[in-house]
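Just below is one structure, and these are the notes that go with it.
The values are calculated or read from the model by the stated rules, or taken from the named source; none is laboratory data. Keep in mind it's a predicted model, so treat the numbers as computed, not measured. Backbone-built Cβ (ideal geometry, glycine too); neighbour counts: all protein chains shown. Calculation scope for accessible area: heavy atoms of the full protein, side chains included, ligands and nucleic acids excluded. Shrake-Rupley method; radii C 1.70, N 1.55, O 1.52, S 1.80 Å.
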Amino acid sequence: MTTLTMLPAVETPSLVIREIEMRDVEPFTGFMTQEAYQRHIAMRLASEAEVKAFVTRSVARQGDERRNVFHLAAEEKVSVEAVGDGFIIKQRPQTLEIGWGVHPAMWQMGLGTEIGLALLGLSFERLKAERVWCKVMSRNTASTRIARRIGMKHLQSHPDYPAGGGRSGPVEFYTMTADEYFDQAY
């Protein structure tokens, strides 16, 4: 797999998906600490201090050729403010996990789909993944639709998957291979 120290920014119709920067602390706090946002994610940040620590750690890892986690901001082109986020985690050689989140005020605007498509592109085209997967809490019907809309296929269900913070719940797993990605219509 190609080693990149920084991922390039990717433009979508509404967003610029880019590596996290310290200026993202305030907008991230504005949505990451909301209950509606936290309902379907494993890593829950409860305060501005926790968001700042997360962003600081993410920025500090940038440029490290050994890193296996890429946290990204989804910046709205109009406001030039982060309105969502995404991640790519190298799980095994050529197997990457992706995930996305969107500010609750921006739900149902197609931004999750834009983030998901950008994460797939970065994973397959820049990080040379052979397989990409994501996990979606079963009750998160919006992310289930996004996974399917971006071309991922349901792999399996897990009735009681650990979700962080001592919580667990039903989770759906979706996957896509490089061949499937490159065979999709543009």
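One table, with the values for the structure above:
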item: Criterion: out of contact with any Gly (no Cβ under 6 Å at 6 or more places or on another chain), surrounded by 13 or more Cβ atoms within 10 Å (Cβ to Cβ) and part of a strand (DSSP E or B) - qualifying residue of 143, 168; result: 168
item: Matching entry among 67, 18 (being open to solvent by less than 30 Å² (accessible area, probe 1.4 Å) and modelled with pLDDT of 95 or more); result: 18
item: Test: residue in segment 115-122 that is farther than 18 Å from residue 183 by Cα, among the β-branched types (Val, Ile, Thr), touching a strand residue (DSSP E or B) at 6+ places or on another chain (Cβ under 9 Å) and assigned to a helix (DSSP H, G or I); result: yes
item: Single match in 155, 122, 96, 111 (criterion: open to solvent by less than 20 Å² (accessible area, probe 1.4 Å) and either free of Cβ contacts under 8 Å to residues at least 24 places away in the same chain or touching a Lys or Arg at 6+ places or on another chain (Cβ under 8 Å) (or both)); result: 96
item: Flag if residue 86 is of a type outside the set (Val, Ile, Thr) and open to solvent by 10 Å² or more (accessible area, probe 1.4 Å); result: no
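The rows are residues; the columns are (1) among the small types (Gly, Ala, Ser); (2) open to solvent by 20 Å² or more (accessible area, probe 1.4 Å).
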{"site": "24", "(1), (2)": "no, no"}
{"site": "30", "(1), (2)": "yes, yes"}
{"site": "43", "(1), (2)": "no, yes"}
{"site": "50", "(1), (2)": "no, yes"}
{"site": "62", "(1), (2)": "no, yes"}
{"site": "79", "(1), (2)": "yes, yes"}
